[in-house]
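Below is one structure, written out as structure tokens; the observations come after it.
The values are calculated or read from the model by the stated rules, or taken from the named source; none is laboratory data. What you see is a predicted model, and the numbers here were worked out from it, not measured in a lab. Cβ coordinates were reconstructed from backbone atoms using ideal geometry, including for glycine residues, and neighbour counts include every protein chain displayed. Calculation scope for accessible area: heavy atoms of the full protein, side chains included, ligands and nucleic acids excluded. Shrake-Rupley method; radii C 1.70, N 1.55, O 1.52, S 1.80 Å.
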Amino acid sequence: MMVDTQVRPSDVTKFPIIDAMLAVPREQFVPDNLREAAYVGENIDIGGGRTVLEPRTLGKMLDALDIQPGHVALDLACGMGYSTAVLAHMCEFVVAVEDNEARAEEAQTLLSAQGIDNAAVMTGPLAEGSAKSGPFDIIMVQGAVETVPDAVLAQLRDGGRIACIFAEGSLGVVRVGHKLDGVVNWRFAFNASAPLVAGFTKTTEFAL
């Protein structure tokens, strides 16, 4: 029902995306007390500064990234692993990063419980990505950003793509960056909003 009422009506019709979102039980990747709300058409706050993006937003981001089966993806701020699980159904391998060891371990346990063996959850600062595992064909951030650190952009393979929700006031826009000749060029994709992810905020400069 989530796919039929929220994803497909948003012009997300590519079979790999639909198949992945049908295959992954979203309720398994949220706290027990939120399972009944797992399929609502809005972002779900799962605590610890993490959000499960609404199905429409995630589906449209995946669509804009044009993911292929041989791709290796980086999933930043994966929370309990839902987005990583969906990506794992579409990619060759997914590296997810969480900045809290207990949360990373929980996500890895949940992924393993679903039989997903082509994803690994790492612990470390989100803004540093996972340089030792890169470069990546696809990068996603599961939350809003004000800026994307150079360290993350450096891990995107030439020809690769990155999708982020950029916070702009009370609203937000999804942009997809295409890396060509070492430069990432951003293009507007659609409107969406989510809470900011720590490490992806602009540094305030003070002037005397």
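A few comments on the model shown:
- With contacts taken as Cα pairs under 8 Å and at least 6 residues apart, the range 1-85 reaches a relative contact order of 31 percent.
- Counting charges near ASP66 (Lys, Arg +1; Asp, Glu -1) among other residues having Cβ under 11 Å from its Cβ returns a value of 0.
- Spatial separation of Cα centroids for the range 53-77 and the range 146-208, in angstrom: 15
- Other residues lying with their Cβ under 13 Å from the Cβ of ALA37 contribute a combined charge of -4, Lys and Arg counting +1, Asp and Glu -1.
- Rounded to 10°, Cα long-axis angle of helix 101-113 versus longest principal axis of the chain: 40
- When the square roots of the Cα gyration tensor eigenvalues are ordered a ≥ b ≥ c, the ratio a/c for the range 48-99 is 1.5 or more and a/b does not exceed b/c, which makes its shape oblate.
- Whole-number percent relative contact order across the range 85-208, with pairs defined as alpha carbons under 8 Å at least 6 apart: 20
- Normalised by the number of residues in the chain, the average gap of Cα pairs under 8 Å and 6 or more apart makes the relative contact order 16 percent.
- DSSP bridge pairs, the chain: antiparallel proportion in percent, nearest 5: 50
- Per residue accessible area in Å² of the range 24-116, where ligands, DNA and RNA are left out and the probe is 1.4 Å: 38
- Three-way shape call for the range 104-185 based on the alpha-carbon gyration tensor, with the a/c threshold at 1.5: oblate
- Over the range 117-161, the pair-distance histogram of Cα-Cα distances with 10 Å bins from zero comes to 24, 60, 16, 0 percent, rounded to whole numbers.
- Local charge for ASP150 was computed over the other residues whose Cβ lies under 13 Å away, with Lys and Arg +1 and Asp and Glu -1, and equals 0.
- Set the Cα radius of gyration of the chain against 2.2 N^0.38 Å, with N its number of residues, and you get 0.95.
- If you bin all the Cα-Cα distances of the range 44-133 at 10 Å, starting from zero, the percentages per bin are 18, 52, 30, 1.
- Helix-derived mean residue ellipticity, 222 nm - over the chain, DSSP H n ≥ 4, -39500 (n - 2.57), to 500: -6500 deg cm²/dmol
- Just the protein heavy atoms count here, and of the accessible area of the chain at 1.4 Å, carbon and sulfur take up 50 percent.
- Inter-label distance for LEU196 and THR109, nm, one decimal - labels placed 7 Å from Cα along Cα-to-Cβ: 3.2
- Counting all C-alpha pairs of the range 85-135, share separated by more than 12 Å (%): 61
- Globularity index of the range 12-81, i.e. its alpha-carbon radius of gyration over 2.2 N^0.38 Å: 1.14
- A Cβ-based charge dipole, computed about the Cα centre of the chain with Lys and Arg at +1 and Asp and Glu at -1, lands at about 400 debye.
- Taking each residue as 0.36 nm, the span from ASP4 to GLU146 lengthens on full extension beyond its C-alpha to C-alpha distance by 47.9 nm.
- Taking GluC sites (Glu not before Pro) across the range 32-104, the ones in a DSSP loop with at most 16 further Cβ atoms lying within 10 angstrom of their Cβ are GLU42, GLU92.
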